[in-house]
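Report on the following structure.
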Amino acid sequence: MMMMILLRRVLLTGLLGALWVEVSALGQVRLVNGHDKCSGRVEVLRHEQWGTVCDHGWDLREAYVVCLELGCGLAESALPAAAFGLGQGEIWLHHVQCSGHESSLTRCAVVLQRNIYCTHENDAGVKCSGRLLRPTLTLLSPHTVISLGESVRFGCSVLEGHSLSDFHLYIQGVSTPLVTQRAERSQTRVELTLSDVEMYHQGSYSCQYRVKGGFPSQLLSSPPSNSIDITVVELLTPQHWYNTSAEAPLGSVIKGHSFNITCSTLQLYPGGSFQLRLVRSNGTVRRTLPALTQSVTFTFPNAQSSNEGYYYCLYRVQLDGRTFLSRESQPLPIAIRDPDPVLSPMVISWLVSGLTFVVAVIIIIIVVKVLCNKQRKLPELERETRTCVDNTYVALSINKL
């Protein structure tokens, strides 16, 4: 039985070339007596007269061609036995055989001669969706937040295949698709992969599919699917610098003085934080502050030897359950120096010498006063007319002797 059916289809298809002259006389296709413009009895125009189509061999492939030709989307059902009432006039098409890829019902393989078994009780009808079905976009990747260079995978699917042409992935605001995937026959779902993601790939995504239909043949696009938002994270390498007292040499902090280190980034994300890492000879120390602004400052009020080492800044953010880390900044070396002495050895030497001279002068003055007082009490040795200075000279001379 199956062999007979296949043989009949082959023979009918082969007759297409011989019958082309008469088929070319067929014109428009319309739907009559339906619930709307996309359902009803199928009628074709030939020699300026409308006629019907026999339902022998009538199935979804033929209905699919009719729906696309009329811009009515996809075929929901192929209805036989005059489901939309009996037609009038001629039955123009018998045993229509479509593959589903034709642009018009009149381009399918047909048998034009009369068939005594076909009456208007066998008039064929269709019910179309009214427009192409809306596809569904799903996210196949585990996250909607990705970093530069990663890939994101989407799935685009439609409830019925019906010889779809291809699927397209669009980003909102751009008219050309970012990804196109051809569909195999009757394929209802494809995977669309966006590779090597850049910052301009951030946005809202949707998909569409296209089918061939209409007369003359054209590609019909489905309505856009639901949308999925994708966030692309680009964490720039932070910048950092430090501030301390002006008297400290470059790259150094004086022990006991305060200093601070500022970390900064141009790209800020909600919930981000800065981490300051100190690498020392005996280990690593980390401090973290929330990134409420593009810059944060880590303060060290009393510099000690434990604060000496190489400082690095990095920016960290958690989005969609993922942790993203920037590259570390360049190392910032900081040395802790002991404070300089208040007085240098040379200054101390000068001060000691000066102090010694002052003390010596004071001692001499005291001695002179003492001697002067003694000279006043010895009238036989001194006279009132002698000055105190002469006495001092004499006294000093006597002492030397």
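Please treat every number below as a calculation from the coordinates, not as lab data. Just so we're clear, the structure is a prediction, and the values are computed from it rather than from any experiment. Neighbour counts are summed over all protein chains in view; Cβ atoms, including those assigned to glycine, are modelled from backbone coordinates with ideal geometry.
For segment 264-371, the dipole from Cβ point charges (+1 on Lys and Arg, -1 on Asp and Glu) about the Cα centre works out to 220 debye, to the nearest 20. Under a plain spin-label model, where a point goes 7 Å from the Cα along Cα-to-Cβ, how far apart in nm are ARG327 and ILE364? Reported label-point gap for ARG327 and ILE364 is 7.6 nm. Along the axis of the charge dipole computed for segment 52-171 (Cβ charges of +1 for Lys and Arg, -1 for Asp and Glu, origin at the Cα centre), the listed residues LEU137, LEU60, ALA83 are led at the positive end by LEU137.
Electrostatic tally near CYS313: other residues with Cβ closer than 12 Å to its Cβ, Lys and Arg +1, Asp and Glu -1, net +4.
Net charge dipole, segment 212-311: roughly 220 debye, given to the nearest 20, about the Cα centre with Cβ charges of +1 for Lys and Arg and -1 for Asp and Glu.
When peptides 193-199, 263-269 are ranked by their average number of other Cβ atoms within 10 Å per residue, the highest-first order is 263-269, 193-199. Scalar couplings 3J(HN,Hα) for segment 30-36, obtained by applying the Karplus form with A = 6.51, B = -1.76, C = 1.60 to θ = phi - 60°, are 9, 10, 10, 6, x, 6, 8 Hz; x denotes Gly and Pro.
Peptides 225-233, 151-159, 95-103 ranked from most to least packed by the mean count of surrounding Cβ atoms within 10 Å: 95-103, 151-159, 225-233. The convex hull built on the alpha-carbon positions of segment 32-157 has an orientation-averaged projected area of 10.4 nm².
Under a model in which nothing but the beta-carbon of Lys, Arg (+1) and Asp, Glu (-1) is charged, segment 166-256 shows a dipole of about 400 debye around its Cα centre. What is the distance in Å between the Cα centroid of segment 301-327 and that of segment 119-190? Rounded to whole Å, the Cα centres lie 46 Å apart.
In plain terms, the C-alpha convex hull of segment 253-293 casts an average shadow of 4.1 nm² when viewed from every direction. Packing-based ranking of 203-210, 62-69, 41-48 yields 62-69, 203-210, 41-48, ordered from highest to lowest mean Cβ neighbour count within 10 Å.
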